[in-house]
Amino acid sequence: DNANFDFWPDTSELEADELFNTSMTYSNGQPAKLYSAYKQKTVVRHFKWMADNNLDGVFFQRFLSDIGGGNILALRNQVAVNVRVGAETYGRAFAIMYDISGYPTNTLVSKLTNDWLYLVNTQKVTNSPSYLHHRGKPVVAIWGFGVNGRSDVPQQAQQAIDWFKAAGCTVMGGLPTHWRTLNGDSQTNTAWNSVFRSFDVISPWSVGRYGNITEVDNFRVNQIVPDLADCTTNRIDY
């Protein structure tokens, strides 16, 4: 009965075979249509837009909760193919970013590692000339370890990091804003200190953390500058 959108996408450049009816209509009575990333043609166009606007590429997010099987898994796998084709067509980079949000912890590590083996051995994503490499290694990002209120534990994160490093990857952690101080949006177990610093690259969450110039300046002083100093000391990219 109700729908709320931050943005409604501009579909004016999309062709008829890329648009799909919804149950909604525009104010002029015409059906409101949307696109699907299942369509390779559409995703390839998105990469054209990146090239047109000097965007280097994307982290392709892959939610563990979405890849359990069936139609949703088939959709996600097709989108992965589309992303590769788009990146290769327009000389953009792409890398896989796993998001562990909402996934049960009892099979968390095995789900991550088995899916990566599928992407590497079956889809052969890292063979793509467009797959992002860092210091000669394919990049894989994992978002969500150590976030306050979640049930993952440091041992699981360390197991996953060690596995991906042994597989020859550069491992990037999408971490809570307060990963360095273990407060706020971070879990507080001190074992996370060494786990967080075992990532090769750290990308803290900053969405919603500031809303005006003063808050941006404060965030720089209180988070970014000391974060960067900590990472530099521990030879971690940021």
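Laid out as a table, the results:
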{"read-out": "Longest DSSP-loop-exposure-free segment, GluC sites (Glu not before Pro), the chain, at most 15 other Cβ within 10 Å", "value": "16-238"}
{"read-out": "Cα-based Rg of the chain normalised by 2.2 N^0.38 Å, two decimals", "value": "1.12"}
{"read-out": "Cα shape, region 1-106, gyration tensor, a/c 1.5 rule", "value": "oblate"}
{"read-out": "Residue among Y35, Y103, Y26 with the largest mean-square fluctuation in a Gaussian network model of the chain, springs linking Cα atoms under 10 Å", "value": "Y26"}
{"read-out": "Within the accessible area of the chain (1.4 Å probe), percent carbon and sulfur", "value": "50 percent"}
{"read-out": "Difference of contour (0.36 nm per residue) and Cα-Cα distance, S65 to E88", "value": "5.5 nm"}
{"read-out": "FRET efficiency estimate (nearest 0.05) - Cβ-Cβ, I213 to N189, R0 35 angstrom", "value": "0.50"}
{"read-out": "Summed side-chain charge close to C231 - residues other than C231 whose Cβ falls under 12 Å, Lys, Arg +1, Asp, Glu -1", "value": "-1"}
{"read-out": "Mean separation of Cα contacts under 8 Å, 6 or more apart, over the residue count of the chain: relative contact order %", "value": "12 percent"}
{"read-out": "Efficiency of FRET from Cβ geometry, D1 and D56, R₀ 35 Å, rounded to 0.05", "value": "0.30"}
{"read-out": "Cβ charges +1 (Lys, Arg) and -1 (Asp, Glu), total dipole of the chain, debye", "value": "660 debye"}
{"read-out": "Theoretical FRET efficiency, 1/(1+(r/R0)^6), r = Cβ-Cβ of A32 and A74, R0 30 Å, to 0.05", "value": "0.70"}
{"read-out": "Given the chain, longest segment not containing exposed loop trypsin sites (Lys or Arg not before Pro) (DSSP; at most 12 other Cβ within 10 Å)", "value": "1-123"}
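The values are calculated or read from the model by the stated rules, or taken from the named source; none is laboratory data. On a predicted model such as this, the values are computed, not experimentally measured, just so you know. Quick reminder, even Gly has a Cβ in these numbers, built from the backbone with ideal geometry, and neighbours come from all protein chains shown. The area values use the complete protein model at the heavy-atom level, side chains included, leaving out ligands, DNA and RNA. Shrake-Rupley method; radii C 1.70, N 1.55, O 1.52, S 1.80 Å.
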